[in-house]
Amino acid sequence: MNPFLMYTTEILILIFLIITFLQSAIDKVIDWSGNLGWLTGHFEATPLAKMVPVLLMTVLLTEMAAGIFCAVGIYQIVVEGEKTMAFYGAVLSCIALLMLLFGQRLAKDYEGAKTIAVYFIPAIFLVYLLQAV
C-alpha cells in the first residue's frame, strides 16, 4: 500500500512539527539578540534569569533537532516504511514543548502556557501513533 495513504495522519503531523520547530529555530538564529532581549525581560523575576542565554541555545538546538528528525522521519516512512526517526522527532518535539511550558509556567505567563498545550496535543498524539504496533 502507498505509504502516503497508510501514514497520512503521521505525515501531516510531522509536517506540522517541521513547520513549527524549524521556523522557530530559524527565527532564533536570525534574531538572536531580539529573542534574547525579550526572554531576559520575560524571565527577570525567575530563578532562570541568569541562565537565559544557555537555555535559549538549548531550546534552539532541541527545536532544530526535532524539525530535522521529523523531516528525516517523513523520508524514512515514505521510502523505507520505517518510523524510527519520525518517533525520535515526535519525542524531541514533546521535550521542546515541555521545556517551553516549564519556562512559561515559571514566568507565570499562563496564556503562553495554554498556547504551548495546544501544540503538545498533536505532538503527543504522534508519539502514540508511532509507537503503536
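Only the coordinates and a few stated rules stand behind these numbers; no lab work does. These numbers were taken from a predicted model, which means no experiment stands behind them. Positions of Cβ are backbone-derived with ideal geometry, glycine not excepted, and every protein chain shown enters the neighbour counts.
General observations
- Residue with peak Gaussian network fluctuation, the chain [Cα springs, cutoff 10 Å], from Met99, Met51, Met64: Met51
- Loop-located GluC sites (Glu not before Pro) in region 1-108 whose Cβ has at most 14 other Cβ within 10 Å (DSSP): Glu44, Glu82
- Relative to the dominant Cα principal axis of the chain, helix 32-42 is inclined by about 60°.
- Cα-based shape type of the chain, given that a ≥ b ≥ c are square roots of the gyration tensor eigenvalues and the cut on a/c is 1.5: prolate
- Those residues of region 19-36 whose amide nitrogen sits under 13 Å from the label point placed on Asp109, 7 Å along Cα→Cβ: 35-36
- Per-residue ³J(HN,Hα) for region 61-66, Karplus 6.51 cos²θ - 1.76 cosθ + 1.60, θ = phi - 60°, Hz, x for Gly and Pro: 5, 5, 5, 4, 4, 4
- Within a Gaussian network of the chain (alpha carbon springs, distance under 10 Å), most fluctuating of Gly73, Gly103, Gly37: Gly37
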